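Scroll down for the structure; my scribbles are underneath it.
The values are calculated or read from the model by the stated rules, or taken from the named source; none is laboratory data. None of the values given here were measured: they were computed from a predicted structure. Neighbour counts are summed over all protein chains in view; Cβ atoms, including those assigned to glycine, are modelled from backbone coordinates with ideal geometry.
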Amino acid sequence: MLLDLSKLFSRSKNSKDLAKERLKLVLIHDRANVSPQFLEMVKGEIIKVISNYMDVDEDSLDIQMTRTKSEDGDSVVPALVANIPIRSVKNSGK
Amino acid sequence: MSEVIVITSGKGGVGKTTTTANIGTGLALQGKKVVLIDTDIGLRNLDVVMGLENRIVYDLVDVIEGTCRIKQALIKDKRFEGLYLLPAAQTRDKSAVNPEGMIKLCDELRNDFDYILVDCPAGIEQGFKNAIAGADRAIVVTTPEVSAVRDADRIIGLLEANELKNPKLLINRVRHDMVKRGDMMSIDDIIDILAIDLIGVVPDDEKIIVSTNKGEPAVTDNKSMAGEAYRAITRRIMGEDVPLLNLGPEDGFMLKIKKLFGLKVN
């Protein structure tokens, strides 16, 4: 019991959460089947294009290869997921 | 309509052969005509798991090379009506088997069987390519460990790339008590990561080892939790909609509380 209580109050993560986190990270690279340099190149190009229209937070930009169900739901397809925080939208495009 | 189903995993030791033996026996118990093909040349084991190791005369390589007819190599399991095993070669050169040979073999077996289950070797090399060549669908076996899930992910990618769409996931050796205390990834965690449909969950069960010791698949044991799970999976393969089993016994603490309050303990 004492052990259980100490677990309750400590903020340490369950080992399964650690497993999940590590798996997700390692799978990003496994799935991409491309080098990190390749992803960096893609990232650089995306920033270049988007910067023409809006001011993005380059440091927090996150780009990953993952997998998702296809639209018909019948198969799983690779997907490129990019999370690009925008600081502000430039007016020049208007 | 017969179906060729490959049972694969990437990682070794997660229970492909046990799964093949149990699903195959389960299907035979449901009245289906089933043949199990062991494609793990040089490391055959489906014969011992099935308890048929003393009856091997010819093997997969003999059939592919034409040394014997298919029917001569098939071992009839006398305990279960309609169940046959095509064993792998143990001492032969594995390069004798190729994808074309496997496709031809599977297609010929379709004439006589409802289900053709292919037990795939570990790894992603030639043996894997041979095993999946003739398959209509795939079952990916994994356990709730990072290494097994990682390899399952790789295998799913390779299956999709080889036009084996929509493979189904079987999560083996789940320990309910560990999941509850947060020390084992749950079914949802694993599905979340792999993003494929589940065909079933098999709890970690000592009876699997006992049944393998005897050469009698656990699916025939009415008292085995794993056997129960395999019976449910068998019915799902046949197209029935069977709900997931309640996983494992409740942990000791909750059980005690329930007993204390006189609640029904199931």
Evaluate segment B:16-26: report whether one residue or more is surrounded by fewer than 20 Cβ atoms within 10 Å (Cβ to Cβ) and either farther than 18 Å from B:PRO121 by Cα or aliphatic (A, V, I, L, M) (or both). no
Please indicate, with yes or no, whether at least one residue in segment B:32-39 is free of Cβ contacts under 8 Å to residues at least 60 places away in the same chain, surrounded by 16 or more Cβ atoms within 10 Å (Cβ to Cβ) and within 20 Å of B:SER211 (Cβ to Cβ). no
Taking segment B:133-159 and the residues there that are surrounded by fewer than 20 Cβ atoms within 10 Å (Cβ to Cβ) and either at positive phi or within 16 Å of the chain's Cα centre (by Cα) (or both), the one that is farthest from the other protein chains (Cβ to nearest Cβ) would be B:ASP136
Output the number of residues of segment B:1-52 satisfying the condition of being part of a loop (DSSP other than H, G, I, E, B) and more than 11 Å from the chain's Cα centre (by Cα). 19
Determine if segment B:82-104 includes at least one residue that is crowded, with 18+ Cβ neighbours inside 10 Å, out of contact with any Lys or Arg (no Cβ under 8 Å at 6 or more places or on another chain) and either on the phi > 0 side of the Ramachandran plot or part of a loop (DSSP other than H, G, I, E, B) (or both). yes
Go through (1) more than 23 Å from B:ASN98 (Cα to Cα); (2) out of contact with any strand residue (DSSP E or B) (no Cβ under 8 Å at 6 or more places or on another chain); (3) among the hydrophobic types (A, V, I, L, M, F, W, C) one by one and return the number of the condition B:LEU158 breaks. (1)
Just to check your reading of the model, which residue among B:ASN172, B:ASN162, B:ASN130 is more than 10 Å from every other protein chain (Cβ to nearest Cβ), in contact with a Ser or Thr (Cβ under 8 Å, 6 or more places away or on another chain), closer than 25 Å to B:SER95 by Cα and among the polar types (S, T, N, Q)? B:ASN130
Number of the exception - A:ILE47 against (1) modelled with pLDDT under 85; (2) more than 10 Å from chain B (Cβ to nearest Cβ): (1)
Would you call A:ILE28 under 20 Å from B:ASP192 (Cβ atoms), modelled with pLDDT under 85 and under 14 Å from the mean Cα position of the chain (by Cα)? yes
